[in-house]
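The values are calculated or read from the model by the stated rules, or taken from the named source; none is laboratory data. Keep in mind that this is a model prediction, so the values were computed, not measured. In this analysis, Cβ positions are derived from the backbone assuming ideal geometry, glycine residues included, and neighbour counts consider all displayed protein chains. Please note that ligands, DNA and RNA were not included when accessible areas were found on the heavy atoms of the full protein model with its side chains. Shrake-Rupley method; radii C 1.70, N 1.55, O 1.52, S 1.80 Å.
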Amino acid sequence: MLDYLISSFFISVLLAGIAPSDKQKEIIRYNALPAKEQREYRNAEKKKQIEFDTESNLYLLKNCFEDPIFCYDYKLLIRKIKENTKNETFVTEFNKNYITSFQNTKFGCFCREDFDPEIYKVCPLENSYLDLACQNRQKCLLINKKSWLNSNNTCDSEFITYIEKYKKNKEIDFDKFDNESVEIFVSLKFISLIKIRKEILK
C-alpha cells in the first residue's frame, strides 16, 4: 500500500512538471481556432494594448500603419491620431508613415508606384478588378498631373468606388488565403489607407 502511495505521488509530481501551463493552454486553444477567429482574437488583444498606449500617445502611428484595415475600423485610434495633428512634427511623421505604407502595398501590374505592364504575361493580372482599378487610377493621376503617392480626391474617390463595386459581399477566407482573398485584402488595405488620410487631414 505504501509503495502504491509513493508511486502515485511521484507520478503526480512528474505529470505536474510536464502538464501545460495556463499560457501554453491558451496558445494551444489559439492555434486550434480558424484563421478568421485568430485575427478577431488578435484584434481584441490589439485594442486592449492600444487603449493602454493612447493614454500616453505611445505608438499611435505604429499601431495604425502596421494594420491599416484594423486602424480605420478602430475609431478610438483614428480620433487619437487626429487630436495630435495640431503638432507639426506629428503630421510630418504621419505623412512619412502613410507614404511608406502606401508605397509598400503592391498588387499586379498597376497597383504600384512604378507600374509595369510587362511585369506579368497578362495584365491586368488574371483580369483582376483590383489591377483594373489601379490602371484607371494611374490614368486619372496622369491626366491630373498627380503621382501614385500624391493623389487627389477625384482619383481616390473613383478608385474606391470601383473597388467597392467589385468586392461587394466578398469575404476574405483567412484559412485558405487564396488569390481572391489576397486581392480583397490588398483592396481593403488601399481603401483603408486612403480613408485614413482623408479622415485625419480633413
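When residues of the stretch 100-110 are filtered for being of a type outside the set (Val, Ile, Thr) and either touching a Ser or Thr at 6+ places or on another chain (Cβ under 7 Å) or surrounded by fewer than 18 Cβ atoms within 10 Å (Cβ to Cβ) (or both), how many remain?
The number of residues fulfilling the criteria is 4.
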Go through the stretch 121-155 and report how many residues are polar (S, T, N, Q), over 18 Å from residue 192 (Cβ atoms) and part of a helix (DSSP H, G or I). 5
Against the definition (free of Cβ contacts under 8 Å to residues at least 40 places away in the same chain, within 28 Å of residue 74 (Cβ to Cβ) and touching a helix residue (DSSP H, G or I) at 6+ places or on another chain (Cβ under 6 Å)), how does residue 159 come out, yes or no? yes
Filter the stretch 161-202 down to the residues that are assigned to a helix (DSSP H, G or I), among the acidic types (Asp, Glu) and open to solvent by 50 Å² or more (accessible area, probe 1.4 Å), then identify the one that is modelled with the lowest pLDDT. 180
Taking the options 118, 93, 158, 113, name whichever one is more than 19 Å from residue 188 (Cβ to Cβ), assigned to a helix (DSSP H, G or I) and open to solvent by 60 Å² or more (accessible area, probe 1.4 Å). 93
Please state which one of 80, 62 is part of a helix (DSSP H, G or I), farther than 16 Å from residue 44 by Cα, under 14 Å from the mean Cα position of the chain (by Cα) and modelled with pLDDT under 90. 62
